[in-house]
Amino acid sequence: MHIVVCIKQVPDSAQIRVHPVTNTIMRQGVPAIVNPYDLFSLEAALRLKDVHGGRITVISMGPPQAEIALKKCIAYGADEAILVTDRAFAGADTLATSFALAQAIRQIEKDMKVDMVFAGKQTIDGDTAQVGPGIAKRLNLQLLTYVAQIDAIDLEKNTIQVRRRAENGVQVLQTRLPCLITMLEGSNDMRYATMENMFRAARYATKIWNKDAAGIEDVNKIGLKGSPTLVSKVFAPKPLARRADIIDTESNDPRDIALTLVNKLFTQHPKLHDSLRSH
Amino acid sequence: MAEKFDVIVVGAGPSGNAAAYTLAKSGLKVLQLERGEYPGSKNVQGAILYADALERIIPDFRDEAPLERHIIEQRMWVLDDASFIGAHYRSDDFNKPPYNRYTIIRAQFDKWFSEKVQQAGALVICETTVTELLMDDKKVVGVQTDRMGGSIYADVVILADGVNSLLAKKAGFHAEIDPANVALAVKEIHFMPQETIEARFNLQGEAGVVIEMAGKITRGMMGTGFLYTNKESLTVGVGCMLSDFKTQKITPYQLLEDMKAHPSIAPLLEGGEMKEYTAHLIPEGGYKAIPKLYGEGWMIAGDAAMLVNAMHREGSNLAMTSGCFAAETIIELMNEQKPCSTKNLARYQQKLNDSFVMKDLKKYQNMPGIFHANSQFFTAYPEMLNQAAHRMLKVDGIDKKSKEKAILADFRQRRSLFGLMSDAFKLWRAFE
């Protein structure tokens, strides 16, 4: 079985900083990580490989430094890694990105038939959840999003059964391969890489594909040209002015303390007082 | 099949990077293991980079390393509660390349340094903790990591695993560090527009200022405060001996908050936006606290070896130099086809003894003890000096001769003549 896992390198949003003057994201010094949602998909793919054998190819479109993210996937146990990188991809939105990745997967398929594609549910920096479905549509793959669990795969009948989280409950879905899956967060825990795989990753030479290697001829479909999305303005919301108060109370009686607190709340928020009264 | 290397370096701080870089450049098969997510993720420093030590390892580092500002002015302040008395030294000579000292941001600097190590040919593996040393009888033959299949072998292991050096402790190479021999430092980085920093500190271009502070800010604890200018931020911090924090029951962050509120410091930080808060232990035991530095198949370098000159706020340069010496020792021995035995690795100690590293540490060997046992250096003296200055500068109709008498009387009353003389003698002996 050959599984392709699409990943993205993202800035660690927990440590991201916005430049107070220019309002741009300060990437300097902010660690880049593998998009956390992608890791649930990678682990799901690794578990399938543990059972059924086969090969896992990880692929990413991004700047040259995204190679670090791909190497991390090798450390977790992926077999091959391809970085699709080209200046012509700069400024790509989800339409252009899904086109480029779909083309690259077609190229991968020339080497070995692809049975499944995994992608992250969404990224933590873009949050669109569009690239995975976009690839599925372009490659005419069955699409299974928000998958909580893979129940069974029948490689002879080419079928797969999954549990998918839906708004009102859990759907048990069966479809045919090849398919594209995005895994739900929390559906598994990423494994701790073995020493052997850490060495393999440290020595691994990532395959670097430019647009030609990825089989892309029409430059109007990639990068800024292929991206109808317009960013009209970027701004950081003003932080709310939160103020902590230390309230001195004269007595230590819980009732007095509670009363002081309630009085203070009602004085500061008279509307709250009025609405409670009207009830 | 377990991997085998010529050398394993544990830790990707200044000493580990200096060692791994030097070793890899000479063509040896080097593995560097770092427990942090990426090199620099666990590393904290003030941070001042002393060009000299790095220049010996990477001569053209200035062309590519991420540096903040070169320092043209050093201010030394002795603070009372609401005042300071100080000495400033600013020189245009410090503003001419090649610059001598720089402020740096370690996360960025360490990333660069590690890239150099990898380019030199060392294999660098992060997120991997060395849990113990593999021993064959009494010889270190490799390391055990926390990963499955984690035994890795080498002819020699350099322990550059930082201040606590849990590895050396576990192997029994040194005992638990005495809290009186480590300082706990906390610091914050405050963002500030470049123009504000330049206007506020009288700077142009990439020039910078450092302020070192002592006195009442540490509330009698042995320690110092600092404020450094970076390109677009200020670093402000304070550090005191861990044992002092423990007995005085003062929290480090409260100490820093109070220091930032000092009327001489607050205006410098005004309008800044706090971006980072870090804390770190600094091994400040000095010469007398240095553990055994080498043995059968192992060497220890940098903070792990207590190589910090607390008096002069130097550490990373001692770390880089020791890492480089450890590497050079191995290169020499391998060229001579000699084993890395205790006897042969003694050359490492000799290199350190012959250099500024041990010479400086030896010079100040009594300093930690003196300051520790005499808290007047951090309380009474700052007060006395500040009050003397205040008295002399305040114009109030009293003649200068009477003022001098009053200052002297105050000094004697606060700290007897004998006390003053014995303090002077202690310091003179320690500096000698």
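How many residues, within the range B:130-146, are within 11 Å of chain A (Cβ to nearest Cβ) and either closer than 18 Å to B:Ala304 by Cα or of a type in the set (D, E, K, R) (or both)?
2
Mind checking which residues of the range B:164-191 are β-branched (Val, Ile, Thr) and surrounded by fewer than 17 Cβ atoms within 10 Å (Cβ to Cβ)? First the steps, then the outcome.
Initially, the range B:164-191 is screened for residues β-branched (Val, Ile, Thr), giving B:177, B:182, B:186, B:189.
Of everything in the range B:164-191, nothing turns out to be β-branched (Val, Ile, Thr) and surrounded by fewer than 17 Cβ atoms within 10 Å (Cβ to Cβ).
Is the range B:3-14 home to any residue that is at pLDDT below 95 and either assigned to a loop (DSSP other than H, G, I, E, B) or not β-branched (Val, Ile, Thr) (or both)?
Within the range B:3-14 (the criterion being at pLDDT below 95 and either assigned to a loop (DSSP other than H, G, I, E, B) or not β-branched (Val, Ile, Thr) (or both)), the answer is yes, since at least one residue qualifies.
Condition check ((1) within 30 Å of B:Tyr294 (Cα to Cα); (2) within 33 Å of the chain's Cα centre (by Cα); (3) not assigned by TED's automatic domain parsing to the domain that holds B:Asn317) across all residues:
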position	(1), (2), (3)
B:Lys351	yes, yes, no
B:Leu385	no, yes, yes
B:Ala389	no, yes, yes
B:Lys405	no, no, yes
B:Arg414	no, no, yes
B:Leu420	no, yes, yes
B:Leu427	no, yes, yes
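Pull up the range B:422-432, narrow it to residues that are in contact (Cβ under 8 Å) with a residue 40 or more places away in the chain and not charged (D, E, K, R), then point me to the one that is surrounded by the fewest Cβ atoms within 10 Å (Cβ to Cβ).
The qualifying residue surrounded by the fewest Cβ atoms within 10 Å (Cβ to Cβ) is B:Phe431.
If a residue must be without any contact (Cβ under 8 Å) to a residue 60 or more places away in the chain, surrounded by 16 or more Cβ atoms within 10 Å (Cβ to Cβ) and hydrophobic (A, V, I, L, M, F, W, C), how many such residues does the range B:234-275 contain?
7
For the range A:40-55, indicate whether the set of residues that are assigned to a loop (DSSP other than H, G, I, E, B), in contact with a strand residue (DSSP E or B) (Cβ under 9 Å, 6 or more places away or on another chain) and either among the β-branched types (Val, Ile, Thr) or surrounded by fewer than 23 Cβ atoms within 10 Å (Cβ to Cβ) (or both) is non-empty.
The answer is yes; a qualifying residue exists.
Mind listing whichever residues of the range B:147-170 are within 14 Å of another protein chain (Cβ to nearest Cβ) and touching a helix residue (DSSP H, G or I) at 6+ places or on another chain (Cβ under 9 Å)?
Answer for the range B:147-170, where residues must be within 14 Å of another protein chain (Cβ to nearest Cβ) and touching a helix residue (DSSP H, G or I) at 6+ places or on another chain (Cβ under 9 Å): B:Arg147, B:Met148, B:Gly149, B:Gly150, B:Ser151, B:Ile152.
Return the pair list, or none, for Cβ contacts closer than 7 Å from residues in the range A:240-260 that are on the phi < 0 side of the Ramachandran plot to residues that are part of a helix (DSSP H, G or I), at least 6 apart or on different chains.
The qualifying pairs are A:Ile247/A:Thr260; A:Ile247/A:Leu261; A:Ile247/A:Lys264; A:Thr249/A:Asp256; A:Thr249/A:Ile257; A:Thr249/A:Thr260.
This table checks each residue for (1) away from chain A (no Cβ under 14 Å); (2) touching a Leu at 6+ places or on another chain (Cβ under 7 Å); (3) among the hydrophobic types (A, V, I, L, M, F, W, C); (4) in a helix (DSSP H, G or I).
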{"site": "B:His174", "(1), (2), (3), (4)": "yes, no, no, no"}
{"site": "B:Ala180", "(1), (2), (3), (4)": "yes, no, yes, yes"}
{"site": "B:Val186", "(1), (2), (3), (4)": "yes, yes, yes, no"}
{"site": "B:His190", "(1), (2), (3), (4)": "no, yes, no, no"}
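Can you tell me which residues in the range B:353-374 are crowded, with 16+ Cβ neighbours inside 10 Å and either more than 21 Å from the chain's Cα centre (by Cα) or of a type in the set (Val, Ile, Thr) (or both)?
Selection gives B:Val357, B:Ile370, B:Asn374.
Please count how many residues of the range B:385-417 are modelled with pLDDT under 85, aliphatic (A, V, I, L, M) and either within 17 Å of B:Asp81 (Cβ to Cβ) or surrounded by 14 or more Cβ atoms within 10 Å (Cβ to Cβ) (or both).
The qualifying residues number 0.
Quick one: what pairs do we get from the range B:408-421, first residue among the hydrophobic types (A, V, I, L, M, F, W, C), second assigned to a helix (DSSP H, G or I) and surrounded by 15 or more Cβ atoms within 10 Å (Cβ to Cβ), C-beta under 6 Å, 6+ apart or different chains?
Final answer for the pair search is B:Phe411/B:Met384.
Within the range A:163-184, which residues are without any contact (Cβ under 8 Å) to a residue 60 or more places away in the chain and under 25 Å from A:His2 (Cα atoms)? I'd like the intermediate steps shown before the answer.
Restricting attention to the range A:163-184, the residues satisfying the condition of being without any contact (Cβ under 8 Å) to a residue 60 or more places away in the chain are A:163-176.
The answer is A:Arg163, A:Arg164, A:Val172, A:Leu173, A:Gln174, A:Thr175, A:Arg176.
Here is a yes/no grid of residues against (1) hydrophobic (A, V, I, L, M, F, W, C); (2) assigned by TED's automatic domain parsing to the domain that holds A:Pro31; (3) outside any strand (DSSP E or B):
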site: A:Gly91; (1), (2), (3): no, yes, yes
site: A:Leu101; (1), (2), (3): yes, yes, yes
site: A:Glu109; (1), (2), (3): no, yes, yes
site: A:Val117; (1), (2), (3): yes, yes, no
site: A:Gln122; (1), (2), (3): no, yes, yes
site: A:Gly134; (1), (2), (3): no, yes, yes
site: A:Arg138; (1), (2), (3): no, yes, yes
site: A:Ile150; (1), (2), (3): yes, yes, no
site: A:Val170; (1), (2), (3): yes, yes, no
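State yes or no: is B:Asp93 charged (D, E, K, R) and not assigned by TED's automatic domain parsing to the domain that holds B:Val156?
Numbers: charged (D, E, K, R): yes; not assigned by TED's automatic domain parsing to the domain that holds B:Val156: yes.
It is true that B:Asp93 is charged (D, E, K, R) and not assigned by TED's automatic domain parsing to the domain that holds B:Val156.
Looking at the range B:354-384, which of the residues that are without any contact (Cβ under 8 Å) to a residue 60 or more places away in the chain and not in a helix (DSSP H, G or I) is nearest to B:Phe84 (Cα to Cα)?
B:Asn374
Might you check whether a residue that is closer than 30 Å to B:Glu383 by Cβ and not hydrophobic (A, V, I, L, M, F, W, C) occurs anywhere in the range B:43-58?
Within the range B:43-58, one or more residues are closer than 30 Å to B:Glu383 by Cβ and not hydrophobic (A, V, I, L, M, F, W, C).
For the range A:229-268, which positions are among the small types (Gly, Ala, Ser), exposed (fewer than 10 other Cβ atoms within 10 Å of the Cβ) and under 30 Å from A:Thr94 (Cα atoms)?
A:Ser232
Looking only at the range B:192-235, which residues are in contact with a His (Cβ under 7 Å, 6 or more places away or on another chain) and under 16 Å from B:Lys260 (Cβ atoms)?
Looking only at the range B:192-235, we keep the residues that are in contact with a His (Cβ under 7 Å, 6 or more places away or on another chain), and these are B:206-208, B:217, B:222, B:233-234.
Result: B:Ile217, B:Ser233, B:Leu234.
Search the range B:113-129 for residues being under 21 Å from B:Cys324 (Cβ atoms) and within 13 Å of chain A (Cβ to nearest Cβ), and hand back the single one that is nearest to the chain's Cα centre (by Cα). Outline the logic, then answer.
Looking only at the range B:113-129, we keep the residues that are under 21 Å from B:Cys324 (Cβ atoms), and these are B:113-124.
In the following step, the residues that additionally are within 13 Å of chain A (Cβ to nearest Cβ) were identified as B:114-115, B:117-118, B:121-124.
Details: B:Ser114: 19, B:Glu115: 22, B:Val117: 22, B:Gln118: 25, B:Gly121: 28, B:Ala122: 26, B:Leu123: 27, B:Val124: 24 Å.
Within the range B:113-129, the match that is nearest to the chain's Cα centre (by Cα) is B:Ser114.
Is it the case that some residue within the range B:192-199 is part of a strand (DSSP E or B), over 22 Å from the mean Cα position of the chain (by Cα) and either buried (at least 17 other Cβ atoms within 10 Å of the Cβ) or hydroxyl-bearing (Ser, Thr, Tyr) (or both)?
No, the range B:192-199 contains no residue that is part of a strand (DSSP E or B), over 22 Å from the mean Cα position of the chain (by Cα) and either buried (at least 17 other Cβ atoms within 10 Å of the Cβ) or hydroxyl-bearing (Ser, Thr, Tyr) (or both).
Residue by residue through the range B:39-66, note down the ones that are under 26 Å from B:Gly239 (Cα atoms), out of contact with any Ser or Thr (no Cβ under 8 Å at 6 or more places or on another chain) and not acidic (Asp, Glu). Explain how you work it out, then say what you get.
Initially, the range B:39-66 is screened for residues under 26 Å from B:Gly239 (Cα atoms), giving B:39-54, B:66.
With out of contact with any Ser or Thr (no Cβ under 8 Å at 6 or more places or on another chain) added as a condition, the list becomes B:41-43, B:51-52, B:54, B:66.
Result: B:Ser41, B:Lys42, B:Asn43, B:Ala51, B:Leu54, B:Pro66.
From the set of residues in the range A:192-227 that are in a loop (DSSP other than H, G, I, E, B) and touching an Asp or Glu at 6+ places or on another chain (Cβ under 7 Å), which is nearest to the other protein chains (Cβ to nearest Cβ)?
Filtering first and then ranking leaves A:Thr206.
Restricted to the range B:1-11, and to residues that are of a type in the set (A, V, I, L, M) and within 13 Å of chain A (Cβ to nearest Cβ), which residue is nearest to B:Gly121 (Cα to Cα)?
It comes out as B:Ile8.
The values are calculated or read from the model by the stated rules, or taken from the named source; none is laboratory data. Values in this document were obtained by computation on a predicted structure and should not be read as measured data. A quick note on method: Cβ atoms are made from the backbone with ideal geometry, for glycine too, and the neighbour counts reach across all protein chains shown.
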